[in-house]
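Quick notes on the structure that follows.
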Amino acid sequence: GPLMTTTGLIEEDRVAEALRKREIILDCTATIACSGGYDAVKMRAVADSAGIAVGTLYRFFPSKPHVLLAVLAREFERIGAERDWTATAETSQIRLAQLNTRLCQEWRARPALTEAVTRAFVFADDSASAEVDRAAGVIEHLIGLAIAGGEPNPRHHRLAALVSDIWLANLIAWARHG
């Protein structure tokens with residue numbers, strides 16, 4: 001009846017509001033990290049910048065690595081959405097090189113943000129393993145698409161996992177040494 005519909009709409013509004021708040025938190029975190037790197041990202045500063053209570057922030061993200069890893073996953077998703085990485089070139093090698101170039105451009109353009117999200121990736125403890133897996137999963141899928149030139153099969157996934165591990169290791173080395 002009408003009551004169910006209203007309840008459904010209220011629930012939809014609540015979900016939409018939570019997603020909107022989450023995006024604002026990630027925007028504010030990225031802005032702070034862009035200017036000051038990992039050390040500048042303090043939960044109180046993020047909450048103040050987002051216009052929310054610190055307790056609300058902790059309900060979304062229990063720690064600094066959690067929120068920075070969510071920023072990392074979102075950056076990978078944004079790059080993934082920029083173009084169809086399965087169709088940028090004829091061969092998987094060229095597609096992979098193009099994706100790598102694009103990712104490296106992004107990291108070099110905002111070195112403090114790169115340092116922040118990479119340190120979060122390295123420092124994340126077991127409580128943030130879902131966020132680590134999610135960020136790694138997004139980049140791995142992106143690499144899989146570039147290798148496959150379409151929907152990746154199990155072999156493409158295995159190759160993508162290997163390339164992704166190497167790529168993340170290089171990113172960590174770059175962030176450590178500048």
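The values are calculated or read from the model by the stated rules, or taken from the named source; none is laboratory data. Since we're looking at a predicted model, the values are computed, not measured. Cβ: placed from backbone, ideal geometry, glycine included. Neighbour counts: every protein chain shown. Only protein heavy atoms, including side chains, enter the accessible area calculation; ligands, DNA and RNA are left aside. Shrake-Rupley method; radii C 1.70, N 1.55, O 1.52, S 1.80 Å.
Summary of values
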| read-out | value |
| --- | --- |
| Some residue of region 53-62 being within 22 Å of the chain's Cα centre (by Cα), open to solvent by 80 Å² or more (accessible area, probe 1.4 Å) and at pLDDT 95 or above | yes |
| Matching residues, region 98-127, being among the hydroxyl-bearing types (Ser, Thr, Tyr), closer than 26 Å to residue 85 by Cβ and in contact (Cβ under 8 Å) with a residue 60 or more places away in the chain | 114 |
| Candidates 29, 91 - the one that is polar (S, T, N, Q), open to solvent by 30 Å² or more (accessible area, probe 1.4 Å) and without any contact (Cβ under 8 Å) to a residue 60 or more places away in the chain | 91 |
